[in-house]
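Asker: I have a structure here, written as structure tokens, and I will follow up with some questions on it.
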Amino acid sequence: MTNMADSIELTECLRYIDRAIDEQPFADWKPAGRLPALIIPEGFEERSLGILQSLARRGARLPRIVIGRYVKDVDINKKHRARFEELAEELAPRAWVVIENHDNGDWVRQALQAIPETAVALDITGLSSRAVFGALDALSCADAAATLMYSEAAHYWPSVEDWQDIERERSLDYRTATALADRADESDWLYSGRNFHVDLIEGHEGYDVAGTSALVAFLPFKAGRLAAVMSHAEYSEYVFIAGRPRLPANLWRLDALKRINGVATREWPVVEMSTFGYREALRQMAALLFGSDSISHRCDIHLAPMAARRDQFPPVRHVDANSTLRVARSGLIDRTDQS
């Protein structure tokens, strides 16, 4: 619960926003002086190689590369291992190492301790949703000029064709909200299934002091994930956040998010937040969590960031500003990802 008579949290968030730099396309990124040392997780998606490949095409030479190799799900995550090592040697000849990644922030902290350079870059593309908070926690505590990097996916699910198929099947009004949520959970885009588990993010378990709790949750394309989080605790209030796409051609995704989750959101407020332009998203989150009329006046806040990895940065910064915030994630048991 936040006392806004002296909002240290809001002041800290706004100070960070003023000092931060807007995101930019990789083609426009021209760092002054020497390139930073790179910290990168060895992910299972091909796009996890995106930053390394882009740097290689630019003919870049990095002072150092640290690869975080997952110690679990080895068979999945070793898919692009040979290419990771090949590119690391090309970009930082004999100046790259591999360390164990235990799906938390410890490996990033270890990497930072081993890097003498004063400028570092962390590629968050290959991070699991569980590991994002820990990795960014470690980076935010480092005494270094830090850059975040991220490779966009070639395709995002559901596709517009997936959504059009659903629209042809049924009238998407409130009367069919439950049927629509079920249809989305059963669809094989992203992953299918309803057996979701909820756990707290390590290091951000928070604590309750107000006696009543509110849930601030990002809307996912699988309504079952949201339902699992909502049933994890007793809440007196809800605020939902819907990601607003950058491109006008993708605005249908915003409408789809709201409709798929309509059975859960009901009459509670749904706030639209940009998925590109993180400083503005940070500003929105600051007002939402710590502003003069925010729910933190009357409730403890539980936060459920279920958006893309890049979109989890605003929640991380605000959790860092207030240790009472409790952060939960929802994942599917025995999931099968969309290839």
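Asker: Could you list, in sequence order, all residues of the range 135-156 that are modelled with pLDDT of 85 or more, under 17 Å from the mean Cα position of the chain (by Cα) and part of a loop (DSSP other than H, G, I, E, B)?
Answerer: Residues satisfying the conditions are TYR150, SER151, GLU152.
Asker: Let me ask something else. Please enumerate the residues belonging to the range 284-303 that are acidic (Asp, Glu) and out of contact with any strand residue (DSSP E or B) (no Cβ under 6 Å at 6 or more places or on another chain).
Answerer: Within the range 284-303, ASP293 is the sole residue that qualifies.
Asker: While we're looking at this one, here's another question. Name the residues in the range 28-60 that are within 23 Å of the chain's Cα centre (by Cα), surrounded by fewer than 16 Cβ atoms within 10 Å (Cβ to Cβ) and either hydrophobic (A, V, I, L, M, F, W, C) or over 26 Å from ARG246 (Cβ atoms) (or both), would you?
Answerer: Scanning the range 28-60 gives a single hit, TRP29.
Asker: Can you tell me which residue is surrounded by the fewest Cβ atoms within 10 Å (Cβ to Cβ) among those in the range 198-216 that are in contact with a Lys or Arg (Cβ under 9 Å, 6 or more places away or on another chain) and outside any loop (DSSP other than H, G, I, E, B)?
Answerer: Once the filter is applied, the top-ranked residue is ASP199.
Asker: Sticking with this structure for a sec: Take the residues in the range 141-173 that are touching a helix residue (DSSP H, G or I) at 6+ places or on another chain (Cβ under 6 Å) and of a type in the set (Ser, Thr, Tyr); name whichever of them is surrounded by the most Cβ atoms within 10 Å (Cβ to Cβ).
Answerer: Step by step, filter the range 141-173, then rank; the result is SER151.
Asker: Is it the case, given these coordinates, that GLU237 is of a type in the set (D, E, K, R) and either touching a Lys or Arg at 6+ places or on another chain (Cβ under 7 Å) or surrounded by fewer than 16 Cβ atoms within 10 Å (Cβ to Cβ) (or both)?
Answerer: yes
Asker: Within the range 100-129, can you find the residues that are farther than 16 Å from THR147 by Cα and charged (D, E, K, R)?
Answerer: GLU100, ASP103, ASP106
Asker: Restricting attention to the range 263-297, and to residues there that are in contact with a Gly (Cβ under 8 Å, 6 or more places away or on another chain) and modelled with pLDDT under 90, which single residue is surrounded by the fewest Cβ atoms within 10 Å (Cβ to Cβ)?
Answerer: Among them, the one singled out is SER274.
Asker: Among what's in the range 240-262 and is surrounded by fewer than 13 Cβ atoms within 10 Å (Cβ to Cβ) and of a type in the set (A, V, I, L, M, F, W, C), pick the residue that is modelled with the highest pLDDT.
Answerer: Checking each candidate, the answer is LEU251.
Asker: Which members of the range 249-298 meet the condition of being more than 25 Å from GLY224 (Cβ to Cβ) and not in a helix (DSSP H, G or I)?
Answerer: If the condition is that a residue be more than 25 Å from GLY224 (Cβ to Cβ) and not in a helix (DSSP H, G or I), then SER274, PHE276, GLY277, GLY291, SER292, ASP293, SER294, ARG298 are the ones that fit.
Asker: Among the residues of the range 239-246, are any part of a helix (DSSP H, G or I) and over 26 Å from GLU169 (Cα atoms)?
Answerer: No.
Asker: Also, I was wondering about something else. Among the residues of the range 97-134, what is the count of those that are more than 14 Å from the chain's Cα centre (by Cα) and hydroxyl-bearing (Ser, Thr, Tyr)?
Answerer: 1
Asker: Within the range 48-92, how many residues turn out to be within 21 Å of PRO116 (Cβ to Cβ) and touching a residue at least 12 places away in the same chain (Cβ under 8 Å)?
Answerer: Looking only at that region, the number is 13.
The values are calculated or read from the model by the stated rules, or taken from the named source; none is laboratory data. Predicted, not measured: the structure shown is a model, and the values here were computed from it. In this analysis, Cβ positions are derived from the backbone assuming ideal geometry, glycine residues included, and neighbour counts consider all displayed protein chains.
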